[in-house]
Amino acid sequence: MATLFTRIIEGEIPAEKILEDEHYLAFLDIRPIRPGHTLVIPKKEHDYLFTLDDATLAGLLPFAKRVVPAIEKVTGCLRVGVMVAGLEVPHTHVHLVPMNAISDLNFALARESSPEERAAMGKALRAALAQ
């Protein structure tokens, strides 16, 4: 059975997509730790980061890196933190979280965001990427 993220890739479930190429997808988390919290996934469905094939693993962070300047610009954060937990969805994913302090990297802070909030953030991030 396809994972939630594969269903997003295939368009079965809507997502606020930020950046996409033939191998990877970045989209907003529906339960962000902070506004701008973005998930980056390989399109190849695979459960665990450290058992990905080397080529997919090698491309994941460079793809994620392309999104970071937009997150910094739009949110005004000091840095974008990176987390890999990998237990909640059995599809490799990297969390890009805008942060001003290490305490910002805390899943207990996650709150449901509205489709309107995600749409506004997505529009701002895509505009920043286009510059």
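The values are calculated or read from the model by the stated rules, or taken from the named source; none is laboratory data. As the structure is a prediction and not an experimental result, all values here were calculated from the model. Don't worry about glycine lacking a Cβ; one is built from the backbone with ideal geometry, like all the others, and counts go over all protein chains shown. To get the accessible areas, we keep the full protein, side chains included, count just its heavy atoms, and leave off ligands, DNA and RNA. Shrake-Rupley method; radii C 1.70, N 1.55, O 1.52, S 1.80 Å.
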How far, in degrees from 0 to 90, does helix 115-130 lean away from the longest principal axis of the Cα atoms of the chain, to the nearest 10?
90
Calculated FRET efficiency, PHE50 and GLU12, Cβ-Cβ r, R0 25 Å, to nearest 0.05?
0.35
Put a dot 7 Å past each Cα toward the Cβ at LYS65 and MET83; how far apart are the dots in nm?
2.4
Using alpha-carbon positions, the gyration tensor of the range 63-131 gives root eigenvalues a ≥ b ≥ c; with a/c under 1.5 called rounded, otherwise prolate if a/b exceeds b/c, else oblate, the class is rounded
Hey, how many Å between the Cα centroid of the range 50-121 and the Cα centroid of the range 19-47?
7
Here FRET efficiency (C-beta to C-beta, ASN106 to GLU72, R₀ 30 Å, nearest 0.05) is 0.95
If you keep only loop residues by DSSP, which GluC sites (Glu not before Pro) in the range 35-131 have at most 10 other Cβ atoms within 10 Å of their Cβ?
GLU88, GLU112
Per residue, how much accessible surface does the chain expose to a 1.4 Å probe? Answer in Å², no decimals.
55
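Please state the shape class of the range 65-105: rounded when a/c is under 1.5, otherwise prolate if a/b exceeds b/c and oblate if not, all from the C-alpha gyration tensor.
Oblate shape, in that a/c is at least 1.5 and b/c is the bigger or equal ratio.
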Rounded to the nearest 10 degrees, what's the angle between the helix 54-75 long axis and the longest principal axis of the chain, both from Cα atoms, 0 to 90?
10
By the C-alpha gyration tensor axes a ≥ b ≥ c (rounded if a/c is under 1.5, else prolate when a/b exceeds b/c, else oblate), the shape of the chain is rounded
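Write down the Kirkwood hydrodynamic radius of the range 1-61, to one decimal in angstroms, obtained as one divided by the mean of 1/r over all alpha carbon pairs.
About 12.3 Å, per the Kirkwood formula over Cα pairs.
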